[in-house]
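Asks: To start, I am sharing the structure in question, which I have written as structure tokens.
The values are calculated or read from the model by the stated rules, or taken from the named source; none is laboratory data. Quantities reported herein were computed from a predicted structural model and do not represent experimental measurements. FYI the Cβ positions are ideal-geometry reconstructions off the backbone, even for glycines, and counts take in every protein chain you see.
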């Protein structure tokens, strides 16, 4: 009877033109991939790649009508113009890499995040700021995701370091970077397991070698990262955060690589 009932429901959905889709992590584009371009051109490229979500970065200079200002320096009215550009391209900016050096700079970035309607900031804050940043995160309703840069470039290169910072800071989360884990000689799947329940986003890239701090960024799906194993683990965790393509090669002409990565990652789910 259960099988008949399920078939009946499926038939009803088909007749009504409805489809039943499994839950999946949204695939987006980190605008850092297009950092050589204006915001207007970068958003157009992100849209044409097939992505629906983007992650900004605070030191981005949008150019065009915004002049030489960085994202962190834009006024409220200019941020409204940014929102208009996003809407024109049917894109949602849900996060921003925040490069705060002082508490004042961090507060400004949280304020910009609120004005843009962001879900979380991504950054690598110094320990003396952690308590205050956790409070700011609570006040603004915006999570702070600790970015896992490679060994030698960030205190958060290993999952253990991120987990230590999460203690006592309930508004912190983690942004896992598959490529930087590989550069640091870490198994991405094991890192994902260690960080289960804390991940809000993942930066997706691919590399030509493992355990090499200077490994070259290459087309996603052609390098050393086992994406089948990565997605098997993400499915096991029922991960519902965001996966952002971050293409860091062929900077002036990488649209085809970004689009190919969006297509490849979408197929993995």
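Asks: Can we say residue 143 is touching a strand residue (DSSP E or B) at 6+ places or on another chain (Cβ under 8 Å) and farther than 24 Å from residue 45 by Cβ?
Replies: Yes; evaluated as a whole, the condition is true for this residue.
Asks: Confirm whether residue 123 is modelled with pLDDT of 95 or more, under 19 Å from residue 72 (Cβ atoms), in contact with a strand residue (DSSP E or B) (Cβ under 8 Å, 6 or more places away or on another chain) and crowded, with 18+ Cβ neighbours inside 10 Å.
Replies: yes
Asks: Got at least one residue in the range 252-266 being within 24 Å of residue 131 (Cα to Cα) and modelled with pLDDT of 95 or more?
Replies: no
Asks: Right, here's the next one. Got a sec? Which of 157, 181 is in a loop (DSSP other than H, G, I, E, B), under 25 Å from residue 232 (Cβ atoms), modelled with pLDDT of 95 or more and within 17 Å of the chain's Cα centre (by Cα)?
Replies: After ruling out the rest, the residue left standing is 157.
Asks: For residue 180, which of the numbered conditions (1) under 25 Å from residue 53 (Cα atoms); (2) in contact with a helix residue (DSSP H, G or I) (Cβ under 6 Å, 6 or more places away or on another chain) fails to hold?
Replies: (2)
Asks: Looking only at the range 75-91, filter to residues that are surrounded by 17 or more Cβ atoms within 10 Å (Cβ to Cβ) and under 18 Å from the mean Cα position of the chain (by Cα); which one of those is farthest from residue 54 (Cα to Cα)?
Replies: Filtering first and then ranking leaves 86.
Asks: Which residues, taken from the range 234-247, are surrounded by fewer than 18 Cβ atoms within 10 Å (Cβ to Cβ) and either free of Cβ contacts under 8 Å to residues at least 40 places away in the same chain or touching a helix residue (DSSP H, G or I) at 6+ places or on another chain (Cβ under 8 Å) (or both)?
Replies: Result: 235, 236, 237.
Asks: What is the residue count in the range 72-108 for residues that are out of contact with any strand residue (DSSP E or B) (no Cβ under 6 Å at 6 or more places or on another chain) and assigned to a helix (DSSP H, G or I)?
Replies: 20
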